[in-house]
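Visitor: Structure below; questions to follow.
The values are calculated or read from the model by the stated rules, or taken from the named source; none is laboratory data. This structure is a prediction, so every number in the text was calculated from the model and none was measured. Neighbour counts are summed over all protein chains in view; Cβ atoms, including those assigned to glycine, are modelled from backbone coordinates with ideal geometry. Heads up: the accessible areas ignore ligands, DNA and RNA and are worked out on the full protein's heavy atoms, side chains in. Shrake-Rupley method; radii C 1.70, N 1.55, O 1.52, S 1.80 Å.
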Amino acid sequence: FAMSNKRWTLCTISLDYLTNNFEPHTSIIVTSLLIIDSYNSHMTWQFSDYCLQNNIILLYLPVHSTYIL
């Protein structure tokens, strides 16, 4: 878990989670699915490119709707 000073997710925190937690734990699977909201910290080129290079499919849900869905 991580938190910024302003208590919301930053691009660096999202990328850190992706590279150090999600991908290492799912790398044994050929293709992984990561379901996230469309918050701007998840929608960076670096985040998307990393997913593309590591066979991670991104499913973007509408912003601020994950608690409803």
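Visitor: At a 1.4 Å probe radius, which order do 17, 39 fall into by accessible area, largest first?
Guide: Result, largest first: 17, 39.
Visitor: Here's a follow-up. Distance in nm between label sites at residue 43 and residue 31, each 7 Å beyond Cα in the beta-carbon direction?
Guide: 2.4 nm
Visitor: Summing Lys, Arg as +1 and Asp, Glu as -1, what charge do residues with Cβ under 15 Å from the Cβ of residue 43 carry, residue 43 excluded?
Guide: Every neighbour counted, the sum reads -2.
Visitor: Quick one: Debye curve from the alpha-carbon atoms of the range 11-61 only, equal weights, vacuum; give me log10 I(q)/I(0) at q = 0.13, 0.30 Å⁻¹ to two decimals.
Guide: Per q value, in the given order, log10 I(q)/I(0) is -0.25, -1.37.
Visitor: Using modelled amide H (1.01 Å from N, peptide plane; none on Pro or chain starts), what sits under 5 Å from the amide H of residue 61, excluding residues fewer than 5 places away?
Guide: Answer set, sorted by chain and number: 36, 37, 38.
Visitor: Quote to one decimal, in nm, the extra length available between residue 20 and residue 52 on full extension: 0.36 nm per residue of separation minus the C-alpha distance between them.
Guide: Between residue 20 and residue 52, full extension yields an extra 9.9 nm.
Visitor: In addition: Carbon and sulfur together cover what percent of the accessible area of the range 12-66 at a 1.4 Å probe radius?
Guide: 61 percent
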